[in-house]
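Reading through the structure tokens given below for one structure.
The values are calculated or read from the model by the stated rules, or taken from the named source; none is laboratory data. Because the structure is predicted, anything quoted here is derived from the model rather than measured. Here Cβ is always computed from backbone atoms with ideal geometry, including for glycine, and neighbour counts include all displayed protein chains.
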Amino acid sequence: MNRHLWGAVALAALGASSLSAQDATATIKAAQYAIGMIRGPARVDAINTLEYWGAGYTYAFGQAYRPGAPWPAFKVSYHASLSYSVPAMRVDMTRSNPDGPVQGGGGLPLPAPQRQIQVVSGDFAWNESVPGAGFIPGTSAVPAPGAAGERLMQLWSTPFGALKMAAAAGPKAQAAVENGLNTITFPLSGTTVKITLNAKQQVERVETRSDNPVLGDTITETTYSDYQDLGEIKTDVQFPLHIVQKQGGFPVLDLTITRTDPNNPYVVFPVPDNVEQAPRTPPPVKVESQKVADGVWYLTGGTHHSVAVEFKNYIVLVECPLNDERALAVIDAAKKTIRNKPIRYVVNTHHHFDHLGGLRACAAEGATILTQTANQAYYETLWAQPHTLNPDRLAKSSRKLVIEPIGEKRAITDGARTLELYHLQGSNHADTMLIGYLPKEKVLIEADVFNPPAANAPPGAVVRETVNLSDNLKRLKLDVQQITPLHGRLVGIEDLRRAIGEK
Amino acid sequence: MQQCFGVFLLAVAAVAQSHPDLSGVWNGATVGGPYIKSEDERAALLPARDGDLVNFERDNALIRRSNPNKPLYKPEFWEKVQKFDQNGNTEDPSYGCMPAGVPRMGPPAKIVQTPNELILLYVSGAAQGWGDQYRVVPIDGRPHTPLQDLDGTWKGESIGHWEGDTMVIDSIGFNDTSWLDIGGYLHSENMHVMERLHRDGDTLTWQATVEDPDVLIKPWVMNPRVQKLNPDPKAVLPETLPCSERDLSHLVTKEHH
């Protein structure tokens, strides 16, 4: 190729890029026009505040009953109010149990309908007991600083929000045509957002990307369909009748919208003083080591605990929860508690993401993962996914994942100490649940099926999963004296009996 | 001593005379925005979405309500404000021919400034309430009447003073009937309004701050409004037709007109 031809190619490439940005501006305007955002002779974007009400389902992400199955559902009534200018969003939803059998985690089954009010306003996020909590005596606004980014991304994933941010991206927004449909991509908060328009140029799908400790680079896909003017006051603003949001390939939200108020209603998001004054970053991860018996340590702190068991030449760690940060702190605590021994095995109690999130860090430590047989193929598939947005410890290491599956029972022993692992039968929480038992020390290790309340708390309702645990202990003839729950606190077997109403 | 006193009086007079003269016709009958010189310019602003005049009102209703600057009410008033907002055609006192009151009536259309008072003249319109309005604002340094001695009114008791080159009009003693603006923005009888008028050449900037701790979480600083001096030496304020509500029974939607 001669020099002139190279020059022509380069010019053509520059032209295509420039044209794409110009196309994006026109495509964004057309989409804004199609859903009624653009108004008046000055063609201004007139949508600032919005409310919508709907009903349908929310789903507990990462809490499937079986590995690879859809996330379990809650029925939900849903009310969102938002302001694009603040920017802010309040989601007020009441969750209840779905019809039919209830299986899976995430708090299912609920003992009673549960109201959740999640707010974000600029950099601040908090949860309200009632709308406006913190400004009303007797109400509470609980800071949730780590949630601000995700909640804002929800705001920018709405049809109007996505188009506003695409417009704000200016020349960085790019237009294309895929499968005959217009698409717009633009950078936002360190990732790329992609909008796909339908034939009427309305926003049909918004894809965002975020990091998840289990899934790695995770696409959140929100689809919008059946646009209508659903307001009591007619505005010609079009809003989708149906919203479906998916994460990890399965729905996390499925709403049928029953009413909207896109007429810039009065919605405000004042930040309570305690939220404004709260630390903006989560507290540092803390792990406390508590000796339960000779060679057995309860590693607590935060919401999820672990147990370290000392063997002659190595450590067995039960649970690497949440994420790299927690897992690394647990590894560090285990090594400081039991010095000069490697962590050879890590027991993963079940496949729910909160119990699975730190497992990659433990695999990078060189530990062999012990998990229920049904998890093996699922984990191998999950861990083949890219972690480019926030490369974790395993992504940066050359270690390979080593899994030793456990069917119904496995014992680890050095002759002096034994840790038995059993597959829990009959759980509706997770099909792959393992419990640990140290026969000499008479210590039980379990996750999620018995979460002891605070000492001196009044007894709650009997939980089916706890009854099932007790049935399993009897079936397996395990002589348990102490329990190290991976949520809650160290308790005795009498606490378990009391919780299920046994004398 | 007499000489000293004379110098002092001259100094006071010089200071008094150093304040800007706010007198003039500011924008004639228009509401906010630039001074419109011709009917052609006005007509150019009317076309709406798709060039269709049918969309004019619906578009402008949406744009008018898109102002992101909202008063922060205490949560116990959120529902009431929303209800007023959604039922503006029946709830908005201004749409029932009532005066807008302070601060909704906005900046004056004409100011007559004397050494001891400002006379503020307003022409009517849907946004400002109906009926030609006036205010006489003392600027002679007198204090407010104690609040408990005032009958609540639409315009309250207003007293002005200079802060540098800015005239600050301090008002108390309101009824709780008027709204602060379109959108159901209610207030209590304990509202305190401070309006600031600043002249810069042939431009007048008006901005009001509303304090009402009975209903607001924090004071609301309204958007500034800029008025141009009407350069026509013969400019007059048009007479307003009497307001008589005759449309409500014919409205078939809740669109706030």
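Annotations for the structure displayed:
- Test for A:Ala384: is it part of a helix (DSSP H, G or I) and closer than 30 Å to A:Ala64 by Cβ: no
- Of the residues making up segment A:301-322, those that are of a type in the set (S, T, N, Q) and surrounded by fewer than 21 Cβ atoms within 10 Å (Cβ to Cβ) number 2.
- Residues of segment B:235-257 satisfying the condition of being within 14 Å of chain A (Cβ to nearest Cβ) and either touching a residue at least 40 places away in the same chain (Cβ under 8 Å) or surrounded by 13 or more Cβ atoms within 10 Å (Cβ to Cβ) (or both): B:Leu251, B:Lys254, B:Glu255, B:His256, B:His257
- Set side by side, the residues A:Gly190, A:Gly180 differ, and just one is of a type in the set (Gly, Ala, Ser), out of contact with any strand residue (DSSP E or B) (no Cβ under 6 Å at 6 or more places or on another chain) and modelled with pLDDT under 95, which is A:Gly190.
- Selection of segment B:71-98 for residues being in a helix (DSSP H, G or I) and of a type in the set (Lys, Arg) yields B:Lys80, B:Lys83.
- Any chance A:Val44 is touching a residue at least 12 places away in the same chain (Cβ under 8 Å) and of a type in the set (Val, Ile, Thr): no
- When residues of segment A:91-110 are limited to those that are outside any loop (DSSP other than H, G, I, E, B) and charged (D, E, K, R), the one nearest to the other protein chains (Cβ to nearest Cβ): A:Asp92
- Residues in segment A:137-160 that are among the hydroxyl-bearing types (Ser, Thr, Tyr) and either in contact (Cβ under 8 Å) with a residue 12 or more places away in the chain or not assigned by TED's automatic domain parsing to the domain that holds A:Asp211 (or both): A:Ser140, A:Ser157, A:Thr158.
- All of (1) within 14 Å of chain B (Cβ to nearest Cβ); (2) under 30 Å from A:Pro459 (Cβ atoms); (3) in contact with a Phe, Trp or Tyr (Cβ under 9 Å, 6 or more places away or on another chain); (4) among the polar types (S, T, N, Q) hold for A:Ser129 with one exception: (3).
- Qualifying positions in segment A:163-212 - acidic (Asp, Glu) and either touching a Pro at 6+ places or on another chain (Cβ under 8 Å) or surrounded by fewer than 14 Cβ atoms within 10 Å (Cβ to Cβ) (or both): A:Glu178
- Elements of the type strands (runs of 3 or more DSSP E) sitting completely within segment B:161-234 and holding at least 1 residues that are farther than 24 Å from B:His19 by Cβ and away from chain A (no Cβ under 14 Å): these cover B:203-211.
- Per-region count, segment A:414-439, residues surrounded by fewer than 18 Cβ atoms within 10 Å (Cβ to Cβ) and of a type in the set (A, V, I, L, M, F, W, C): 1
- Tally of residues being of a type in the set (D, E, K, R) and modelled with pLDDT under 90 across segment B:95-146: 1
- Residue in segment A:346-358 that is under 30 Å from B:Leu216 (Cα atoms), of a type outside the set (Lys, Arg) and assigned to a strand (DSSP E or B) present: no
- Candidate set from segment B:60-94 (those that are over 24 Å from A:Gly132 (Cβ atoms) and within 7 Å of another protein chain (Cβ to nearest Cβ)); member that is modelled with the lowest pLDDT: B:Asn60
- Residue, nearest to the chain's Cα centre (by Cα), within segment A:198-242, restricted to residues that are over 30 Å from A:Lys396 (Cβ atoms) and among the acidic types (Asp, Glu): A:Glu204
- Qualifying residue in segment A:299-311 (condition: closer than 30 Å to A:Arg205 by Cβ, touching a residue at least 40 places away in the same chain (Cβ under 8 Å) and polar (S, T, N, Q)): no
- Within segment A:29-57, the residues that satisfy the criterion of being hydroxyl-bearing (Ser, Thr, Tyr), closer than 18 Å to A:Thr158 by Cβ and surrounded by fewer than 23 Cβ atoms within 10 Å (Cβ to Cβ) are A:Tyr33, A:Tyr52.
- Some residue of segment A:261-268 being in a strand (DSSP E or B) and surrounded by 21 or more Cβ atoms within 10 Å (Cβ to Cβ): yes
- Qualifying residues in segment A:114-124 (those that are farther than 24 Å from A:Ser96 by Cα and either out of contact with any strand residue (DSSP E or B) (no Cβ under 9 Å at 6 or more places or on another chain) or surrounded by 19 or more Cβ atoms within 10 Å (Cβ to Cβ) (or both)) - the one nearest to the other protein chains (Cβ to nearest Cβ): A:Ser121
- Test: residue in segment A:451-465 that is surrounded by 13 or more Cβ atoms within 10 Å (Cβ to Cβ), under 26 Å from A:Ala60 (Cβ atoms) and touching a strand residue (DSSP E or B) at 6+ places or on another chain (Cβ under 9 Å): yes
- Boolean, A:Ala176 is in a strand (DSSP E or B) and not β-branched (Val, Ile, Thr): yes
- Close pairs from segment B:84-106: first of a type in the set (Val, Ile, Thr), partner part of a helix (DSSP H, G or I), Cβ under 9 Å, at least 6 apart: B:Thr90/B:Gly96; B:Thr90/B:Leu248
- For A:Val142: the one exception among (1) touching a Ser or Thr at 6+ places or on another chain (Cβ under 7 Å); (2) part of a strand (DSSP E or B); (3) aliphatic (A, V, I, L, M): (1)
- Segment A:70-90, residues that are more than 14 Å from chain B (Cβ to nearest Cβ) and crowded, with 18+ Cβ neighbours inside 10 Å: A:Trp71, A:Pro72, A:Ala73, A:Phe74, A:Val76, A:Tyr78, A:Ala80, A:Met89
- Qualifying positions in segment A:301-317 - in contact with a Lys or Arg (Cβ under 8 Å, 6 or more places away or on another chain) and either among the β-branched types (Val, Ile, Thr) or on the phi > 0 side of the Ramachandran plot (or both): A:Gly301, A:Gly302, A:Val309, A:Ile315, A:Val316
- Scanning segment A:391-414 for residues that are β-branched (Val, Ile, Thr) and either assigned to a loop (DSSP other than H, G, I, E, B) or touching a Pro at 6+ places or on another chain (Cβ under 7 Å) (or both) gives a single hit, A:Val402.
- Subset of segment A:196-216 [touching an Asp or Glu at 6+ places or on another chain (Cβ under 8 Å) and not small (Gly, Ala, Ser)]: A:Thr196, A:Leu197, A:Asn198, A:Arg205, A:Val206, A:Glu207, A:Arg209, A:Asp211, A:Pro213
- A:Ser398 fulfils the conditions (1) more than 20 Å from A:Leu496 (Cβ to Cβ); (2) at pLDDT 95 or above; (3) not hydrophobic (A, V, I, L, M, F, W, C) except for a single criterion, (2).
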